[in-house]
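Q: Quick one: the structure is below, questions incoming.
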Amino acid sequence: MVVYSKHTTAAIKINENEPLLMKDMERFLGRIASSEDYYHHNDFTLRTVNMTEDECPNGHAHCQHLLMSTSETIPIIDGELQLGRWQRVFLVELDRPRSREVIIQVLGG
Amino acid sequence: MVVYSKHTTAAIKINENEPLLMKDMERFLGRIASSEDYYHHNDFTLRTVNMTEDECPNGHAHCQHLLMSTSETIPIIDGELQLGRWQRVFLVELDRPRSREVIIQVLGG
Amino acid sequence: MVVYSKHTTAAIKINENEPLLMKDMERFLGRIASSEDYYHHNDFTLRTVNMTEDECPNGHAHCQHLLMSTSETIPIIDGELQLGRWQRVFLVELDRPRSREVIIQVLGG
């Protein structure tokens, strides 16, 4: 089974669903690529490509996404999804909150 | 072919199997997310969720895993696994040594 | 559909194709694992394994690759590749420029 994000600033990741760990990860991603840093992508005085009317500065989210996954592939055996004991599938929003589109596709069988 | 780890602190990664590079990667991952840093996930005075009897502090391993892969997908063509010259498939243990479960699934054909 | 790189220093990644963002990402990857840092893998006085005649120091490229993807899997529905509005598939060269081999495999149907 493939779980696929149609976005470049929202990742699909398998990890543990423990609330304190969510806080650690948010801080960790902010340290890897901070929204406070300078990104050419956020410089709307220079940039001309892919500009939308509601464009927001999100260079940090693209850089975080570069080290994360657009999709995860999870085996199904005898109709059972093979998630391990602690594994949960997350859509990780790296940009501002908004509606997102995810595709789930099952192959084989 | 999909190689899948059933764990949240043990990744599947393709890279080169060169012993000195293994040392570089271990140091690199420790720099990205050090086991010496503070993680809420490791704070057993606060944490109540997903606690086991042999719980060990492993917040760093979850953060490292967040930037790595739970699985790798490798094409098979005419029955031959299409690994490149230097490509080898690793189970990367990010937490303490222990027994781990990996699923290998072949699709199509 | 699977897009697969046969290399350990060239990743396949989905992200946005915006020229200024390419500059941000190049700088970002250089900050994550700089080519100026020391890597045992680059120490040709010590290293004996996987040495080729034209060996170049590329420890940084292997470390960057460790946090990126060897492949991306993209769903096809009714014959249409399900790339989102801003999603484009990149071969990310992490080492020196050269010819690279990529496999594209379609499963199911």
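Q: Go through the residues of segment B:11-21 one by one and say whether even a single one is open to solvent by less than 20 Å² (accessible area, probe 1.4 Å), more than 10 Å from chain A (Cβ to nearest Cβ), part of a loop (DSSP other than H, G, I, E, B) and at pLDDT 95 or above.
A: Yes.
Q: Identify, from the list A:ASN50, A:ASN58, A:ASN42, the residue that is in contact (Cβ under 8 Å) with a residue 40 or more places away in the chain and of a type outside the set (A, V, I, L, M). So that I can check it myself, show each step before the final result.
A: Working: A:ASN50 fails: in contact (Cβ under 8 Å) with a residue 40 or more places away in the chain; A:ASN42 fails: in contact (Cβ under 8 Å) with a residue 40 or more places away in the chain.
The match here is A:ASN58.
Q: Could you tell me which numbered condition A:SER69 fails, if it satisfies all but one of (1) farther than 20 Å from C:ALA11 by Cα; (2) at pLDDT below 95?
A: Condition not satisfied by A:SER69: (1).
Q: Out of A:THR48, A:THR52, A:THR8, which single residue is among the β-branched types (Val, Ile, Thr) and either at the interface with another protein chain (Cβ under 7 Å from one of its Cβ atoms) or open to solvent by less than 10 Å² (accessible area, probe 1.4 Å) (or both)?
A: Working: A:THR48 fails: either at the interface with another protein chain (Cβ under 7 Å from one of its Cβ atoms) or open to solvent by less than 10 Å² (accessible area, probe 1.4 Å) (or both); A:THR52 fails: either at the interface with another protein chain (Cβ under 7 Å from one of its Cβ atoms) or open to solvent by less than 10 Å² (accessible area, probe 1.4 Å) (or both).
From the options A:THR48, A:THR52, A:THR8, the qualifying one is A:THR8.
Q: Further question on the same structure: Look at B:HIS40 and say whether it is more than 19 Å from the chain's Cα centre (by Cα) and not basic (Lys, Arg). Reasoning before the result, please.
A: Numbers: more than 19 Å from the chain's Cα centre (by Cα): yes; not basic (Lys, Arg): yes.
The answer is yes for B:HIS40.
Q: Can I ask one more? With closer than 24 Å to C:LEU81 by Cβ, within 10 Å of chain C (Cβ to nearest Cβ), in contact with a helix residue (DSSP H, G or I) (Cβ under 7 Å, 6 or more places away or on another chain) and open to solvent by less than 20 Å² (accessible area, probe 1.4 Å) as the only criterion, which of A:HIS62, A:HIS41 stands out?
A: Details: A:HIS41 fails: closer than 24 Å to C:LEU81 by Cβ.
One residue alone meets the criteria, A:HIS62.
Q: Quick one: in segment A:74-109, of everything that is within 12 Å of chain B (Cβ to nearest Cβ) and closer than 16 Å to C:ILE14 by Cα, which residue is most open to solvent (accessible area, probe 1.4 Å)?
A: Filtering first and then ranking leaves A:VAL92.
Q: With the requirement that a residue be within 21 Å of B:LEU66 (Cβ to Cβ) and assigned to a helix (DSSP H, G or I), what does segment B:23-54 give you?
A: Selection gives B:ASP24, B:MET25, B:GLU26, B:ARG27, B:PHE28, B:LEU29, B:GLY30, B:ARG31, B:ILE32, B:HIS40, B:HIS41, B:ASN42.
Q: Pick from B:SER35, B:SER71: which is facing chain A (nearest Cβ under 9 Å), open to solvent by 10 Å² or more (accessible area, probe 1.4 Å) and of a type outside the set (A, V, I, L, M, F, W, C)? Walk me through it before giving the result.
A: Working: B:SER35 fails: facing chain A (nearest Cβ under 9 Å).
After applying the criteria, what remains is B:SER71.
The values are calculated or read from the model by the stated rules, or taken from the named source; none is laboratory data. Computed from a predicted structure; not experimentally measured. All Cβ positions, glycine included, derive from the backbone under ideal geometry; neighbour counts span all protein chains shown. Quick note on the areas: whole protein, heavy atoms, side chains included, nothing else; ligands and nucleic acids left out. Shrake-Rupley method; radii C 1.70, N 1.55, O 1.52, S 1.80 Å.
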